[in-house]
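Worksheet for the structure shown next.
The values are calculated or read from the model by the stated rules, or taken from the named source; none is laboratory data. Keep in mind that what you see is a predicted model, and the values were worked out from it rather than measured. Cβ placement follows ideal geometry from the backbone for every residue including glycine, while neighbour counts extend to all protein chains displayed. Each accessible area value is taken on the protein alone, full model and side chains, heavy atoms only, with ligands, DNA and RNA left out. Shrake-Rupley method; radii C 1.70, N 1.55, O 1.52, S 1.80 Å.
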Amino acid sequence: MHNDFRITDETTLKDIENGLRETFFAEKTDEFLRSDQGQTDIRANVYDRYNRALKYTVPWVSRAIDLKDKRVVEIGCGTGSSTAAFSHFVAEVSGYDIDEPSIAGAERRQQIMALK
């Protein structure tokens, strides 16, 4: 299930990273972004969380309910990793967060991945 939607294209991954750097990471220092912690945070937000949601969360939820034609609401969506993962399997998904840079990052991810 999840392998069909994994992002392996380097251009798309770089576009997501750049989009998050312009939004979610915009106020982080260059020193932080170059640090091991910063690089781990970038990887987590660009693809690790998305891939884990595809591999574990979506199948786990789909064992309990049929996701087809469902509407999903994610509270605390962050940069939209799991929101994007669920979007491949449901009729509609909405993500909400109190952090404006997170929302901007999620919206940018949606645009780059051409998600509704």
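Residues that are more than 22 Å from Pro101 (Cα to Cα) and either in contact with an Asp or Glu (Cβ under 7 Å, 6 or more places away or on another chain) or surrounded by fewer than 11 Cβ atoms within 10 Å (Cβ to Cβ) (or both) within the range 29-71 comprise Trp60, Arg63, Ala64, Ile65, Asp66, Lys68, Asp69, Arg71, listed in sequence order. Total residues in the range 72-107 satisfying the condition of being open to solvent by 40 Å² or more (accessible area, probe 1.4 Å) and within 10 Å of the chain's Cα centre (by Cα): the figure is 1. The residue list Arg6, Arg49 contains one member that is charged (D, E, K, R), touching a helix residue (DSSP H, G or I) at 6+ places or on another chain (Cβ under 8 Å) and within 15 Å of Thr83 (Cβ to Cβ), which is Arg49.
Restricting attention to the range 8-20, the residues being open to solvent by 80 Å² or more (accessible area, probe 1.4 Å) and under 12 Å from Arg108 (Cβ atoms) number 0.
Tally the residues that are in a helix (DSSP H, G or I), touching a residue at least 40 places away in the same chain (Cβ under 8 Å) and not small (Gly, Ala, Ser), restricting the search to the range 5-53.
Adding up the residues that qualify gives 10.
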